[in-house]
Amino acid sequence: MSVYDLLQERGFLKQLSHEEEIKELLEKEKITFYIGFDPTADSLHVGHFIALMLMAHMQRAGHRPICLLGGGTGMVGDPSGKDEMRKMLTPEFINHNIACFKKQMSRFIDFSDNKAIMVNNADWLLNLNYVDLLREVGVHFSVNRMLTAECFKKRLEKGLSFFEFNYMIMQAYDFLTLNRGYGCIMQLGGDDQWSNMLAGVELIRRKEHKPAYCMTCKLLTTSEGVKMGKTVGGALWLDPEKTTPYDFYQYWRNVNDADVENCLALLTFLPMEEVRRLGSLEGSEINKAKVVLAYEVTKLIHGEEEALKAKAAAEALFGDGSNMEDVPTINVEPNAIGTKIIDILASNGVFASKSEGRRLVAQGGLYLDDIKISDVEAELTTDLFNDDKSILIRKGKKKYYRLIMA
């Protein structure tokens, strides 16, 4: 089976610039391709996960990936899908984020012996001469056509700055640069990048008079079409400091039944025969598939040891286990006695804000050792602690924490 058939079977592929040519190319040759990541935060999130899996499948099939980090494009910001202009980032912030990305990507991609390349487009974009760029690249872009691109439509209603209008040209120039420097002939990415990716393909074909291609993958969405990876506290991050391995595990353990098979196909390396078997389970049996999904995904992101810890912690709370050591803990000092419980939990990240905590109490969704907290002013007292100086906190139906007196 070629990697094209594999990606098709697992449900990755969405749009292809030259479908028949790409299919034949991936069956007969080993190519260099790239995926771009703009460093707008200090961690990749689950929205990047599907792109990393796509890259990993391609590398396993013998194709060479280029991870393009957007030190240059990140200075502008992609307007695709945004209602307003992104915040302008400092070079220091971008460089810090790039270092974080490199570490996370190495879990998926083998960079040894030139099997994969990591580059930063700041190396060529920040030193460009504007007039030279207009003469070399600008002449190949039609403004009329650019204005019809999907990535600009949402912004045209509210106003699109000339600053952001250049993003498509910058991304196309990235592809041209990688084509010239590394023989890169294909760009891969999320389907929201389709217009930008096509611009690069067309620029190479017009300017270099040789083949170039692009292929998009589906965005990670639920069966209802809602983008996955959003939590009460924000994005589902791949950095364990921003989303703990336990919380990460629990997110996948609690996905809707209808989404299990799709997530197993896209976010694990399990054979499709096993994916289909797990996805076909019904009733309470589907929970077995969710456990497999949560474990496999957490193992990919955080390693086997953390995945086993998260699994054990979840089983201690929801199954017959009794080991509570791996449940997320909050340590409090004795001087916390007399402090509002909501304030303590909010300051330790259990709630995104105190107002969220108050809403949860009002809705009857906060428990201490199975006792519902109904008073938003309730304070932490010594008599709430068990003999082992701990309190089991339940937020909503399935989120647990241990509060421990130091």
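Any read-out appearing in this document is the output of simple, stated calculations on the displayed coordinates, not a laboratory observation. Keep in mind the model is a prediction, meaning the values are calculated, not measured. Here the Cβ is made from the backbone with ideal geometry for all residues, glycine too, and neighbour counts use every protein chain on show.
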Taking N as its residue count, the alpha carbon Rg of the range 3-217 over 2.2 N^0.38 Å: 0.97
Kindly provide log₁₀ I(q)/I(0) values, in the same order as q = 0.25 Å⁻¹, from the Debye equation applied to equal alpha-carbon scatterers of the range 230-318. -1.31
What is the extension gain from Leu134 to Phe269, computed as 0.36 nm multiplied by their sequence separation minus the C-alpha to C-alpha distance, in nm to one decimal? 44.2 nm
Rounded to the nearest 20 debye, what is the charge dipole size of the chain about its Cα centre when +1 sits on each Lys and Arg Cβ and -1 on each Asp and Glu Cβ? 880
Over 31 Å between C-alpha atoms is what I'm after, so list which of Lys299/Lys340; Lys102/Lys389; Lys103/Lys218; Lys14/Lys354; Lys115/Lys207 land there. Lys299/Lys340; Lys102/Lys389; Lys14/Lys354
Positive dipole terminus of the chain, leading residue within Gln250, Val332, Met75 (C-beta point charges): Met75
Rounded to the angstrom and largest first, Cα extents along the principal axes for the range 329-405 equal 29, 21, 20
Quick one: if you take sqrt(5λ) for each eigenvalue of the C-alpha gyration tensor of the range 161-283, what semi-axes come out, biggest first, whole angstrom? 36, 19, 13
Between Met215, Phe49, Thr298, whose Cα lies farthest towards the positive end of the dipole of the chain when Lys and Arg beta carbons carry +1 and Asp and Glu beta carbons carry -1, centred on the Cα centre? Met215
Helical mean residue ellipticity (222 nm; -39500 (n - 2.57) per DSSP H run of 4+; nearest 500) of the chain: -13000 deg cm²/dmol
Output needed: percent of Cα pairs per 10 Å distance bin for the chain, bins running from 0 to the one holding the longest distance. 4, 20, 27, 23, 15, 8, 3, 0
Taking the Cα centre of the range 329-405 as origin, sum charge times position over the Cβ atoms of Lys and Arg (+1) and Asp and Glu (-1), and report the length of that vector in debye to the nearest 20. 520
Could you calculate the contour length gain from Leu308 to Gln363, that is, 0.36 nm times the residue separation minus the distance between their Cα atoms, to one decimal place in nm? 16.5 nm
Sort the range 1-130 into rounded, prolate or oblate with this rule: let a ≥ b ≥ c be the square roots of the eigenvalues of the Cα gyration tensor; rounded if a/c is under 1.5, and if a/c is not under 1.5, prolate when a/b is larger than b/c, oblate otherwise. prolate
